[in-house]
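Working notes, beginning with the structure itself.
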Ligand code: NAD
Ligand code: UGA
């Protein structure tokens, strides 16, 4: 089976590399020539653990993987074509911007020469895959292609493992022929007994948004509970543990913090709300989830300023700039939002992140970037832990304190034991405790 993947972002590149690892001949296409050139040299354009090893193996040893900027050349022999381009939020509207998907569908329609399956792997609102079909059908007979929805559930930072060992694979299709082809494609996962869910295209598209939205709901829920815990003297970590042990609730996505960020939860929650609105329905639970998450960084910044009496010209250390650990992605990063709000109030932000400093600087040139966490903590009296990178979990706070008084720690991710830091003389503030 020959595969073509259009778009080499997080989803496209991981999908392509992992299918090559399964043994399929795979070509990945991107219109960004610079990106394609880097990839041809086994250079991953973003930080994602393990990708460069896979690139090197399948570009240079097995030769199952290739990269191209020519869609017309690359898809002509493909049995399955995956659309993995971005579906960002439309500015101010929340609706998914499907421009990239429509453009790719047009291009595919002009370049299919034999039967193939066209798969939407990008996260797309219900109805999109069938619209892709309509676009292609303007030029190609419906007998010569099928469309399938096969959403992706990988997380950045653990993308390869998530792809190779998924909790489930969802296949939304219209007929047995395309369902059989997709099941054949995922046969390597039968060995590890991955559940494969076959359903309609519409249900498959909804499964993706409902899953992301549900996880985002858990996060906003626990963050609201965290605020209550702070008021009444409870500890949200104990509360989450006590709740999560109930298997009907589950212990995942109950870590309180600065709110969810990243390239997907914020935009997907908004797009799902918009889909409901377009169908005259009100996903009011999600509107509350979204609104609370949007406002959360403001309340965190207000808390930091009021508890530590910050004034214009003061310096604050911010540890972590990516939206989560093990990625250099700063899209919708809560750390960057916190930095901007503080900078707008005249506060100087000294920051360090193991991987995301280059991307962060492009977003906010006023950040003062330091070579390590210790340098970032020099000459500041307030330390904010924004992202829970492993290397921030065992910092030497005795050394950082260096006999100074009135040092504040805002441990937004609850990675430290409050008592230990208080014993060292810090004023410690966690989230929800
Ligand atoms: P991305 O923005 O990182 O990458 C998209 C790529 O598509 C870019 O390299 C761009 O140059 C390329 N592209 C755009 N138009 C093209 C065209 N006409 N021809 C060839 N290439 C083109 O996007 P991403 O983060 O990989 O997300 C892609 C989709 O997958 C989105 O719908 C997203 O919601 C979904 N998704 C993302 C993740 C994630 O962890 N990032 C996980 C699951 C699902
Ligand atoms: C998320 C989903 O987990 C993936 O299944 C999905 O494929 C992907 O979105 C997508 O559609 O793009 P990702 O955004 O990479 O993956 O990262 P997560 O680990 O889910 O974290 C998202 C945000 O939630 C981060 O800001 C993280 O810090 C926050 N989070 C997560 C919490 O605040 N608390 C938690 O308990 C878990």
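The values are calculated or read from the model by the stated rules, or taken from the named source; none is laboratory data. From a predicted model like this one, the values you see are computed outputs, not experimental measurements. Counting neighbours? That spans all protein chains shown, and the Cβs are built from the backbone with ideal geometry, glycine included.
Filtered by the rule that a residue be over 22 Å from residue 157 (Cα atoms) and in contact (Cβ under 8 Å) with a residue 60 or more places away in the chain, segment 30-73 gives a lone residue, 71. Given the conditions (1) crowded, with 23+ Cβ neighbours inside 10 Å; (2) over 24 Å from residue 17 (Cα atoms), report the number of the one that residue 122 does not fulfil. The one condition residue 122 does not meet is (2). The numbered conditions (1) surrounded by fewer than 20 Cβ atoms within 10 Å (Cβ to Cβ); (2) within 13 Å of ligand 1 (Cβ to nearest atom) are all true for residue 149 except (1). Only one entry of 37, 103, 111, 60 meets the criterion of being farther than 16 Å from residue 18 by Cα, more than 11 Å from ligand 1 (Cβ to nearest atom), surrounded by fewer than 17 Cβ atoms within 10 Å (Cβ to Cβ) and at pLDDT 95 or above, and that entry is 37. Being away from ligand 2 (no atom under 16 Å from the Cβ) and part of a loop (DSSP other than H, G, I, E, B) is a condition met by no residue of segment 253-265. When we screen 244, 250 for residues that are within 16 Å of ligand 2 (Cβ to nearest atom), loosely packed, with under 14 Cβ neighbours inside 10 Å, closer than 28 Å to residue 152 by Cα and free of Cβ contacts under 8 Å to residues at least 24 places away in the same chain, the only hit is 250. If only residues of segment 369-384 that are within 11 Å of residue 349 (Cα to Cα) and crowded, with 18+ Cβ neighbours inside 10 Å are counted, the one that is nearest to the chain's Cα centre (by Cα) is 384.
Step by step: first the residues of segment 79-95, then only those that are in contact (Cβ under 8 Å) with a residue 24 or more places away in the chain and more than 16 Å from residue 121 (Cα to Cα), then the one that is surrounded by the fewest Cβ atoms within 10 Å (Cβ to Cβ). Which residue is that? Top of the filtered list is 93. Residues that are outside any helix (DSSP H, G or I) and over 23 Å from the mean Cα position of the chain (by Cα) are absent from segment 296-306.
Of all the listed residues (25, 73), the sole one being in the same structural domain as residue 117 (by TED's automatic domain parsing), more than 16 Å from ligand 2 (Cβ to nearest atom) and modelled with pLDDT under 95 is 73.
Checking each residue in segment 156-209 for being free of Cβ contacts under 8 Å to residues at least 40 places away in the same chain, within 14 Å of ligand 2 (Cβ to nearest atom) and within 17 Å of residue 121 (Cβ to Cβ) picks out 162, 166, 167, 168, 169, 170. Out of segment 39-50, which residues are within 15 Å of residue 7 (Cβ to Cβ) and assigned to a helix (DSSP H, G or I)? The one that is within 15 Å of residue 7 (Cβ to Cβ) and assigned to a helix (DSSP H, G or I): 39. All of 8, 15 fail the test of being in a loop (DSSP other than H, G, I, E, B), within 16 Å of ligand 2 (Cβ to nearest atom), crowded, with 22+ Cβ neighbours inside 10 Å and touching a residue at least 40 places away in the same chain (Cβ under 8 Å), apart from 8. From the residues in segment 45-57 that are surrounded by fewer than 20 Cβ atoms within 10 Å (Cβ to Cβ) and within 13 Å of residue 12 (Cα to Cα), which one is farthest from ligand 2 (Cβ to nearest atom)? Looking at the filtered set, the residue picked out is 45.
Of all residues in segment 202-230, those that are within 16 Å of ligand 1 (Cβ to nearest atom) and over 19 Å from the mean Cα position of the chain (by Cα) total 1.
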